[in-house]
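Q: My structure is below; once you've seen it, I'll send some questions.
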Amino acid sequence: MSEPISGAAAGAAGWNFIGGLAGIAGIGAGLASIVVMCAMTPRSAKEWAVGIISTVVASIGGGAAVIQHYDLLAWADTPIGLVAMLGLVFACGLPGWAIVRWMFNYIDRKKGADLGEVISDVRGAL
């Protein structure tokens, strides 16, 4: 009879299954979400969900864009490079929640306005 898989072996198999880079991106996105939620406490459960989603997407998408733009994929060859990539992914997620929150606050203030009013307001601000 075969031995049952231990928790550590299952964790290592899972890490290999999702890929090391995806795991690093997930860790960075999760940490950024925690920091953002502590700094800017959500006012409702809806806002909390939007905050988590926007921070994770900004972390992973923004981090990938920065790594691609500056051609930093070679960093993935070393453990220190992976940690540096984790830092980039983390940093890219921090402004994601703030930008989404500002957008929703603006939309909430302009709830009764028509499209023309919103366009002229945005043009005036630019």
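Q: What pairs come out if I take residues in region 54-68 that are farther than 11 Å from Phe90 by Cβ and pair them with residues that are of a type in the set (Val, Ile, Thr) and surrounded by fewer than 20 Cβ atoms within 10 Å (Cβ to Cβ) whose C-beta lies under 8 Å away, six or more apart or interchain?
A: Ser54/Ile99; Ser54/Val100
Q: Residue under question is Gly61, and the condition is that it be touching a Ser or Thr at 6+ places or on another chain (Cβ under 6 Å), modelled with pLDDT of 80 or more and surrounded by 14 or more Cβ atoms within 10 Å (Cβ to Cβ); does it hold?
A: no
Q: Just to be sure I understand, how many residues within region 77-91 are surrounded by 11 or more Cβ atoms within 10 Å (Cβ to Cβ) and without any contact (Cβ under 8 Å) to a residue 60 or more places away in the chain?
A: The qualifying residues number 5.
Q: Filter region 87-101 down to the residues that are out of contact with any Leu (no Cβ under 6 Å at 6 or more places or on another chain) and within 10 Å of Ala32 (Cβ to Cβ) and list them by number.
A: Correct list: Val89, Ala91, Cys92, Gly93, Leu94, Pro95, Gly96, Trp97.
Q: So which of Ala74, Ala45 ends up being surrounded by fewer than 13 Cβ atoms within 10 Å (Cβ to Cβ), aliphatic (A, V, I, L, M), over 16 Å from the mean Cα position of the chain (by Cα) and closer than 23 Å to Trp102 by Cβ?
A: Among Ala74, Ala45, only Ala45 is surrounded by fewer than 13 Cβ atoms within 10 Å (Cβ to Cβ), aliphatic (A, V, I, L, M), over 16 Å from the mean Cα position of the chain (by Cα) and closer than 23 Å to Trp102 by Cβ.
Q: In addition: Name the helices (runs of 4 or more DSSP H) wholly within region 28-126 that hold at least 3 residues that are of a type in the set (Val, Ile, Thr)?
A: 45-57, 79-109, 115-125
Q: Which is in contact (Cβ under 8 Å) with a residue 12 or more places away in the chain and aliphatic (A, V, I, L, M), of Leu73, Leu115, Leu94?
A: When all the criteria are applied, what remains is Leu94.
The values are calculated or read from the model by the stated rules, or taken from the named source; none is laboratory data. Every value quoted in this text rests on a predicted model; they were computed, and no experiment measured them. All Cβ positions, even for glycine, are placed from backbone atoms using ideal geometry, and neighbour counts span all protein chains on display.
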